[in-house]
Amino acid sequence: MRMATALSVTVLAAGGIGHAVVTGLDTGITRVDPFKDMKNRPQAGHGMNVLVVGTDGRDRITPEEKAKYRLGGAPCHCTDTVMLVHISEDRERASVVSLPRDSYAEMPEHTDLTSGRKHHAHPVKLNAAYAEGGPGLTVRTVESMTGVKIDHYLEVDFTSFMRTVDAIGGVQICTTRAVKDRYTGLDLTAGTHELDGGQALQYVRSRHIDGAADIGRMQRQQRFLAALIERTTSGGVLLNPVRFREVATTMLSSVRADEDFGTDQLLALAKAMHGFTPASSEFVSVPIGDMSFPVKGIGSTVKWDAAKAQRLFQALRDDRPLAPQKEAGSSKAPKDVVVDVAPRAVRVQVYNGTRTDGLGRKVDDALRATGFDTTRSPMTGAGQEQARTVVEYDPRWDRSAKSLAAALPGARLRPVAGRGGTLRVTVGADYRGVRGVRAEDAGRGGPFEAVTGDRVVCP
């Protein structure tokens with residue numbers, strides 16, 4: 001969830017700030033040794049793999065912030081979120097794989113850091129590895145589950161996350177519907193919002209917005225990371241050495257990392273990633289086989305789809321892209337309007353309300369090309385020529401109607417009780433073309449349902 005503080009440092013430094021500015025930044029990092037005495041590790045692949053965990057550090061937050069952002073209660077001393085970040089060998093791509101914190105895991109044999117008791121291998125939820133054995137056991141558990149060798153370990157808490165977002169001036173998040181979570185206090189209307197650090201923390205922590213629970217939360221976290229990358233690469237941070245050092249110092253002030261992640265490694269990686277943008281990043285959640293896999297003594301866990309997960313992690317080891325690639329010479333993905341209901345789920349009957357022959361067919365083809373499920377049988381409207389384009393819809397399908405209207409700039413919505421699931425659009429003289437639209441998580445594709453960052457930031 002909060003891998004952003006680490007990933008963004010590499011992005012920020014890519015502006016060629018220079019060794020003099022970067023030197024000394026790593027002095028604020030608390031060091032840990034997650035690889036101590038590790039044996040029988042996976043074989044190294046290509047590229048670099050960083051295990052990034054977000055910990056529950058609410059004990060470091062002020063009472064005022066706890067009340068404002070609903071951070072009451074005692075810290076759990078566990079990993080609130082786990083992400084595996086793969087930086088390609090050519091340093092031109094970052095693949096971020098979200099691992100659900102409730103994932104069913106086989107804990108390796110270990111000694112409990114709290115009690116000192118020795119434990120044999122046993123089943124747990126993934127986030128329990130940190131509570132029982134800290135960073136070392138977390139790394140061992142993830143390597144055992146994925147078969148991916150971890151090169152570096154980064155740990156970020158609530159405080160660092162909030163301060164970092166504030167340091168870069170906030171992030172821009174778009175949502176097609178109102179989102180509200182009474183547990184975190186998140187309350188956003190539909191539209192575009194500039195979130196400060198505390199609001200961003202609410203956004204990435206919320207999991208009680210809809211039935212998607214942790215899956216929906218992971219997708220919001222991915223959208224946030226893409227937005228953070230866009231803000232850091234386009235917000236002037238790279239061009240101002242003073243501001244860069246201020247932001248980077250804030251980012252690293254409460255980060256814990258392995259001993260080998262220092263200034264020289266940071267600078268080398270940053271220079272290699274010069275020109276990094278949201279389109280250079282790709283996001284995916286590990287494939288799920290069972291969202292409610294019962295385990296005696298543990299409760300409900302998230303069981304991975306073993307075959308699909310194995311293919312995903314093999315792709316990481318082979319340093320292959322996870323998201324569908326654009327064809328050679330293609331331009332950047334178009335900035336479509338983000339809508340609540342995906343066009344493919346909207347059934348449309350087109351009527352030509354003008355005297356222009358063939359306009360109905362033209363609009364039907366354009367809507368279908370945009371993704372709408374048209375009837376492919378446009379009809380001619382009755383009566384005199386219609387000045388305005390009108391979308392008639394059954395009130396039960398109001399969200400679908402808004403998606404269709406977004407594709408027809410200037411169209412008027414007209415509810416008609418009992419019309420059913422097929423929307424009727426009558427094209428008027430004001431028709432000026434069809435605008436591209438997409439659902440919030442459109443663009444996910446390929447065998448792993450991955451998406452590039454430029455597809456999930458605000459249009």
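The values are calculated or read from the model by the stated rules, or taken from the named source; none is laboratory data. The model shown is predicted, which means the values in this text are computed figures rather than measured ones. Cβ: placed from backbone, ideal geometry, glycine included. Neighbour counts: every protein chain shown. All accessible areas refer to the heavy atoms of the entire protein, side chains included, with ligands and DNA or RNA removed. Shrake-Rupley method; radii C 1.70, N 1.55, O 1.52, S 1.80 Å.
Within the range 171-189, being open to solvent by 60 Å² or more (accessible area, probe 1.4 Å) and either small (G, A, S) or under 20 Å from D454 (Cα atoms) (or both) holds for Q172, A178. Selection of the range 94-109 for residues being surrounded by fewer than 22 Cβ atoms within 10 Å (Cβ to Cβ) and assigned to a loop (DSSP other than H, G, I, E, B) yields D102, P108, E109. Tell me yes or no: at least one residue of the range 134-145 is touching an Asp or Glu at 6+ places or on another chain (Cβ under 9 Å), modelled with pLDDT of 90 or more, acidic (D, E) and under 19 Å from M83 (Cα atoms). No, there is no match, as no residue in the range 134-145 is touching an Asp or Glu at 6+ places or on another chain (Cβ under 9 Å), modelled with pLDDT of 90 or more, acidic (D, E) and under 19 Å from M83 (Cα atoms).
Residues in the range 195-246 that are among the β-branched types (V, I, T), open to solvent by less than 10 Å² (accessible area, probe 1.4 Å), at pLDDT 75 or above and over 14 Å from the mean Cα position of the chain (by Cα): T232 alone.
Against the list (1) buried (at least 21 other Cβ atoms within 10 Å of the Cβ); (2) in contact with a strand residue (DSSP E or B) (Cβ under 6 Å, 6 or more places away or on another chain); (3) within 30 Å of A439 (Cβ to Cβ), the condition I168 fails is (2). Within the range 376-401, can you find the residues that are among the β-branched types (V, I, T) and closer than 27 Å to R177 by Cβ? Result: T389, V390, V391.
How many of the residues making up the range 140-157 are over 11 Å from L316 (Cα atoms) and among the small types (G, A, S)? So the count comes out to 1. For V255, the conditions (1) surrounded by fewer than 20 Cβ atoms within 10 Å (Cβ to Cβ); (2) at pLDDT 70 or above; (3) closer than 15 Å to T164 by Cα are fulfilled apart from (1).
Pairs linking a residue in the range 285-300 that is surrounded by fewer than 13 Cβ atoms within 10 Å (Cβ to Cβ) to a residue that is part of a strand (DSSP E or B) and aliphatic (A, V, I, L, M), with Cβ atoms under 9 Å and 6 or more positions apart or on different chains, are S292/V302. Note on the range 125-174: residues that are within 11 Å of P34 (Cα to Cα), outside any helix (DSSP H, G or I) and touching a His at 6+ places or on another chain (Cβ under 9 Å) total 0. Within the range 308-323, the set of residues being farther than 12 Å from P447 by Cα and in contact with an Asp or Glu (Cβ under 8 Å, 6 or more places away or on another chain) comprises just one member, D319.
Filter the range 114-160 down to the residues that are within 27 Å of R205 (Cβ to Cβ), surrounded by fewer than 16 Cβ atoms within 10 Å (Cβ to Cβ) and free of Cβ contacts under 8 Å to residues at least 40 places away in the same chain and list them by number. Across the range 114-160, the qualifying residue is only T114.
Counting only residues that are modelled with pLDDT under 85 and among the aliphatic types (A, V, I, L, M), the range 17-53 holds 6 of them.
Does at least one position in the range 73-83 carry a residue that is open to solvent by 10 Å² or more (accessible area, probe 1.4 Å), within 23 Å of R207 (Cα to Cα), at pLDDT 85 or above and assigned to a strand (DSSP E or B)? Checked against the condition, which is being open to solvent by 10 Å² or more (accessible area, probe 1.4 Å), within 23 Å of R207 (Cα to Cα), at pLDDT 85 or above and assigned to a strand (DSSP E or B), the range 73-83 yields no hits at all.
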